[in-house]
Amino acid sequence: MKAEVVTLWKGAEYHLYIYHRYTDIRLVFAPEHQIAFFGGDPDNFEYPRFDLDVTLFRAYENDRPARPASFLKFDTRGVRDNELVFVSGHPGNTGRILTVAELEFLRDVRLPLVLRRLHRAEVLFSNYAARSGENLRRSKAELLSVQNSRKAIEGKLQGLLDPALMNRKIVAETAILKKTGLQRAGHKMDPWQRVALAQQVVGSNFLAHYFIEQGYGLNSKLFSYARTLVRSHQERVKPDTGRLREFSDSNKPGVEQALFAPSPIYGDFETLKLADSLTFLKQVLRDELVDKIMAGKSPANRAHELVTGCKLGDVEVRKRLYFGPESEVFKSQDPMIRLAMEIDREARAVRRITDVQDDLKEEAYSEIVQLRYKDEENRTYPDATFSLRLAYGLVKGYQEHGINVPFQTTIRGLYQKAAANQNNYPFSLPRSWDLARDRLNLEIPLNFVSTADIIGGNSGSPVVNRNGDYVGIIFDGNIYSLPWDYEFDETLGRATSVDARAIIEAMEKVYDSSHLVREILAN
């Protein structure tokens, strides 16, 4: 069991969530990448879409398949236009209650810097992947992740650069101040001013926090392993309430799962990533800490030294250091561990500054929420926090530039789009789908859109109908849904799902998995 205290309304409410956690998860079914991500980066966050982006796992307990009392039954009748649907999942952070001061910081400082880093990484990974098929295999997952993040950040930034959106935020903030009778004068600051003041402190420490504590200036799995090993020994001797949040007892299984995952480490790729992140770090953050990290060497030479001398790519080495005495870690001569130890004091210091200001903002936001909704009978729901929630909406198309966009696509449309692009990547079809075309019902819906309020983190969330039956799975949103981080607008924004009927059709007729279909439908 995992207990988690969830903060809602930026601190106005606290809820206790208790989860039953499955740690033995085994892959049962996965289609080819090319059909799961048909259309690649050009189609990402676009619509119409034609993707079978679904994977099936089975959870085990005591080496036996789990038998939960409650589960979602498949409904192979699918969805209809304007049908009410619900989405349960763990949407990531939204900032719809953020003050104008915080939104301006995101617009002017944070998001542009993140976008610069992602553009660098995308060019770097693309060039590396183009050199050989093996390089492509090694870097493909991270390249796709970077491309996805880059496009998502671009969409969010475009939302904040929309004067209409920002004006609505300014007008709403001014109206609340007027309505509540708060005057920006005298010795006592209102909560909006306190947020702005705290944000100034956060902003002055942003670069160090982002590149050092969050690790974006030290982009290597090996450094991440080293920091986890160093901090795990430092934190475990403290009482649970006094630890860094990621090392609490409730988070321990997740930390160990990540640390001991047998993910392959490719030295050349790690060196490339680390050298580039060190280069970017040195460009934007010039202080003694950066000099300590560089140790008098160029970014390329320092990265080579750190990666080639590191032994943490071996899972057994990581386990020995994690479960062994702390002295073995603190006396280690592994260069990544030495680096993690050498900069830990400064990294923790900048984290404390940010954490203190975040606590001050949380306190102010608690007051803002109370002021905003004091006289409103039906207040809106809180921002997403990666915690479990149920969203709802209608299965519904939309009109874009005067053109009606239908609510669903079909398997026939998949083949038509591949043909229109001469079956060239990223619009090429796997061989299995070429061979299965005559067996498939081409009119079966493949993807559909709805007005369900989702955000990044909802991918993999089940879509259910009013009976609570499974009718699809969320895998994306369109480009107009990206500003939903800051304001929900269902005029053009849509959540994108794989239709349950397409899952069953493909498993039976493309992947010869009728035995799995029978198991699914028997439930």
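Just so you know, in segment 374-393 the residues that are out of contact with any Phe, Trp or Tyr (no Cβ under 9 Å at 6 or more places or on another chain) and more than 30 Å from Arg243 (Cα to Cα) include one that is surrounded by the most Cβ atoms within 10 Å (Cβ to Cβ), and it is Tyr381. Of all residues in segment 373-402, those that are at pLDDT below 90 have Cβ atoms under 8 Å from Cβ atoms of residues that are in a loop (DSSP other than H, G, I, E, B), 6 or more apart or on another chain, in Tyr373/Arg379; Thr380/Arg96. The lone criterion from (1) outside any loop (DSSP other than H, G, I, E, B); (2) surrounded by fewer than 21 Cβ atoms within 10 Å (Cβ to Cβ); (3) of a type outside the set (Gly, Ala, Ser); (4) in contact (Cβ under 8 Å) with a residue 12 or more places away in the chain left unmet by Asp438 is number (4).
Could we say that Phe427 is crowded, with 19+ Cβ neighbours inside 10 Å and assigned to a loop (DSSP other than H, G, I, E, B) here? Before the answer, list the steps.
On the way: crowded, with 19+ Cβ neighbours inside 10 Å: yes; assigned to a loop (DSSP other than H, G, I, E, B): yes.
Yes.
Looking across Leu165, Leu161, Leu143, one residue alone is surrounded by 15 or more Cβ atoms within 10 Å (Cβ to Cβ), within 30 Å of Gln283 (Cα to Cα) and of a type in the set (A, V, I, L, M). It is Leu143. If you check Arg320, Arg302 for being in the same structural domain as Tyr225 (by TED's automatic domain parsing), among the basic types (Lys, Arg) and surrounded by fewer than 18 Cβ atoms within 10 Å (Cβ to Cβ), only one passes: Arg320. The set of residues in segment 293-312 being touching a helix residue (DSSP H, G or I) at 6+ places or on another chain (Cβ under 6 Å) and either of a type outside the set (A, V, I, L, M, F, W, C) or modelled with pLDDT under 95 (or both) consists of Pro299, Arg302, His304, Gly309, Lys311. Within segment 5-28, residues that are touching a residue at least 12 places away in the same chain (Cβ under 8 Å) and under 30 Å from Val195 (Cβ atoms) have Cβ atoms under 7 Å from residues that are assigned to a strand (DSSP E or B) and among the small types (Gly, Ala, Ser) in these pairs: Leu16/Ala3, counting only partners at least 6 apart in sequence or on another chain. Out of all the residues in segment 257-269, is one or more in contact (Cβ under 8 Å) with a residue 40 or more places away in the chain, aromatic (Phe, Trp, Tyr), out of contact with any Leu (no Cβ under 6 Å at 6 or more places or on another chain) and over 16 Å from Leu124 (Cβ atoms)? Yes, segment 257-269 contains at least one residue that is in contact (Cβ under 8 Å) with a residue 40 or more places away in the chain, aromatic (Phe, Trp, Tyr), out of contact with any Leu (no Cβ under 6 Å at 6 or more places or on another chain) and over 16 Å from Leu124 (Cβ atoms). Taking segment 243-349 as the region of interest, the helices (runs of 4 or more DSSP H) fully inside it that hold 2 or more residues being of a type in the set (A, V, I, L, M, F, W, C) and within 16 Å of Ser232 (Cβ to Cβ) are 252-260, 315-323, 326-330, 335-342.
With the structure loaded, tell me whether Ser263 is crowded, with 20+ Cβ neighbours inside 10 Å, small (Gly, Ala, Ser) and in the same structural domain as Gly217 (by TED's automatic domain parsing) or whether it fails that test. So Ser263 does not fit the description; no.
Filtering Val87, Val100, Val28, Val6 for residues that are hydrophobic (A, V, I, L, M, F, W, C) and either closer than 20 Å to Gly393 by Cβ or exposed (fewer than 12 other Cβ atoms within 10 Å of the Cβ) (or both) leaves a single hit, Val87. Candidates in segment 189-203 are the residues that are of a type outside the set (A, V, I, L, M, F, W, C) and either in contact (Cβ under 8 Å) with a residue 24 or more places away in the chain or not in a helix (DSSP H, G or I) (or both); of these, the one that is farthest from Val109 (Cα to Cα) is Asp190. From the list Glu367, Glu362, Glu346, the one residue that fits, being more than 20 Å from Lys10 (Cβ to Cβ) and of a type outside the set (Ser, Thr, Tyr), is Glu346.
Taking the listed residues Asp485, Asp489, Asp469, Asp476, the one that is among the charged types (D, E, K, R), over 21 Å from Leu27 (Cβ atoms) and without any contact (Cβ under 8 Å) to a residue 60 or more places away in the chain is Asp489, with no other qualifying. Taken over segment 204-220, the criterion of being in a helix (DSSP H, G or I) and buried (at least 21 other Cβ atoms within 10 Å of the Cβ) is satisfied by Ala208, Tyr210, Phe211, Ile212, Glu213.
Only one of the numbered conditions (1) over 21 Å from the mean Cα position of the chain (by Cα); (2) farther than 30 Å from Gly217 by Cα; (3) of a type outside the set (Asp, Glu) is violated by Ser88, and that is (1). Anything in segment 492-523 that is free of Cβ contacts under 8 Å to residues at least 40 places away in the same chain and outside any helix (DSSP H, G or I)? List them, or say none. Asp512 - this is the single residue of segment 492-523 that is free of Cβ contacts under 8 Å to residues at least 40 places away in the same chain and outside any helix (DSSP H, G or I). If Leu52 meets every condition in (1) in contact (Cβ under 8 Å) with a residue 60 or more places away in the chain; (2) part of a loop (DSSP other than H, G, I, E, B); (3) loosely packed, with under 14 Cβ neighbours inside 10 Å apart from one, which number is that one? Only one criterion in (1) in contact (Cβ under 8 Å) with a residue 60 or more places away in the chain; (2) part of a loop (DSSP other than H, G, I, E, B); (3) loosely packed, with under 14 Cβ neighbours inside 10 Å is unmet by Leu52, namely (3). Any residue at all in segment 404-424 that is among the charged types (D, E, K, R) and surrounded by fewer than 17 Cβ atoms within 10 Å (Cβ to Cβ)? Among the residues of segment 404-424, at least one is among the charged types (D, E, K, R) and surrounded by fewer than 17 Cβ atoms within 10 Å (Cβ to Cβ), which makes the answer yes. For segment 76-89, residues that are in a loop (DSSP other than H, G, I, E, B) and modelled with pLDDT of 95 or more total 5. Would you point out the residue of segment 117-143, among those that are modelled with pLDDT of 95 or more and under 18 Å from the mean Cα position of the chain (by Cα), that is nearest to Gln199 (Cα to Cα)? So the residue we want is Arg117.
The values are calculated or read from the model by the stated rules, or taken from the named source; none is laboratory data. No experiment lies behind these values; they were computed from the predicted model shown. All Cβ positions, even for glycine, are placed from backbone atoms using ideal geometry, and neighbour counts span all protein chains on display.
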